[in-house]
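Here's the structure, in structure tokens; my notes come after.
The values are calculated or read from the model by the stated rules, or taken from the named source; none is laboratory data. None of the values given here were measured: they were computed from a predicted structure. Cβ atoms come from the backbone with ideal geometry, glycine included; neighbour counts cover every protein chain shown.
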Amino acid sequence: MIRGGYYIKSRCIKGSAVNHAPPYVREIWDYLLREANHCDKKYNGFTVKRGQLFRSYRQIREDLCWYVGYRKEMYNENQTKRGMRYLTKELMITTMKEPRGVLITVCNYDHFQNPKNYERTNEGANERTNDEPMTNHTGLSINKNVKNVKNDKNDKNKRFIVPTIEEIEKYCKERNNQVNPLTFIDHYKSNGWMVGKNKMKDWKAAIRTWEQRNYGGNNGRTQGSTGAIRGKTEESQSDGQPYPVDAEF
């Protein structure tokens, strides 16, 4: 069991003004959400209700401090006041000055902090935008797998992009092979970038196949263990050198 409870940050904040506000405004907003009471509590003789908190500006600055090495850094008082005014103007909080601080109310706290108000997303019935911690823990791994399956499908459906002669030359140089880039690109231009009966999906894989079978070498000859390729007659290039017969890979 995780101590301290939890609070919810709605994804609809992406469409709000605070999403593009200065960093100190966003951090103050997150701080107020985190520190607001989840139930009514007594404080210094009066009741601080659910969705409210009582703080001084000095205390907010102290709570949001950070360290650079051993040096303590804080937002200045003007930044803190500007941030609070900004959130008040955007109707995200209301404030009431008290003798020893400010009573801050987070607007619509009950609505946004109720897990039952969050609908399922469009990515699948198992996924929720936000949910109770215990049910959400098991859902994470399932949702991740669903997304991975979708990504795999997207990868398979990626449209083939015809490489340039420069890309082919660079790849052949990286692999230090004897494949002639011009022979390679002329061959596949002539057959519409087909590998057997299928459209080519990965030209680098085709380069590796040529490399293994010593197709398109700088000497222009096709070599193999049998001295021929499947007994088929090869089409000749304009320079009289034979094109290799493609094999699916």
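Would you confirm whether any residue within the range 36-53 is assigned to a loop (DSSP other than H, G, I, E, B), more than 28 Å from ASN117 (Cβ to Cβ) and free of Cβ contacts under 8 Å to residues at least 24 places away in the same chain? Yes, that holds for at least one residue.
The rows are residues; the columns are (1) touching a helix residue (DSSP H, G or I) at 6+ places or on another chain (Cβ under 7 Å); (2) part of a strand (DSSP E or B).
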position	(1), (2)
GLU62	no, no
THR94	yes, yes
LYS97	no, yes
LYS116	no, no
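Given the residues TYR43, TYR70, which is the only one that is aromatic (Phe, Trp, Tyr) and loosely packed, with under 12 Cβ neighbours inside 10 Å?
Details: TYR43 fails: loosely packed, with under 12 Cβ neighbours inside 10 Å.
Residue meeting the stated conditions: TYR70.
Considered as a group, the residues in the range 178-193 that are within 36 Å of the chain's Cα centre (by Cα) and not in a helix (DSSP H, G or I) include one that is surrounded by the fewest Cβ atoms within 10 Å (Cβ to Cβ), and that residue is GLY192. Residue under question is TYR6, and the condition is that it be out of contact with any strand residue (DSSP E or B) (no Cβ under 7 Å at 6 or more places or on another chain) and of a type outside the set (D, E, K, R); does it hold? Yes.
When VAL18 is tested against (1) loosely packed, with under 14 Cβ neighbours inside 10 Å; (2) in a helix (DSSP H, G or I), exactly one condition is not met: (1). Considering the range 21-40 alone, what residues qualify as being exposed (fewer than 15 other Cβ atoms within 10 Å of the Cβ) and touching a Ser or Thr at 6+ places or on another chain (Cβ under 9 Å)? Of everything in the range 21-40, just one residue is exposed (fewer than 15 other Cβ atoms within 10 Å of the Cβ) and touching a Ser or Thr at 6+ places or on another chain (Cβ under 9 Å), namely ASP40. Reported count of residues in the range 165-177, each being loosely packed, with under 13 Cβ neighbours inside 10 Å and assigned to a loop (DSSP other than H, G, I, E, B), is 1. Checked against (1) under 26 Å from ILE161 (Cβ atoms); (2) of a type outside the set (A, V, I, L, M, F, W, C); (3) at pLDDT below 90; (4) surrounded by fewer than 13 Cβ atoms within 10 Å (Cβ to Cβ), THR233 passes all but condition (1). For the range 128-145, the count of residues that are assigned to a strand (DSSP E or B), surrounded by 13 or more Cβ atoms within 10 Å (Cβ to Cβ), modelled with pLDDT under 95 and β-branched (Val, Ile, Thr) is zero.
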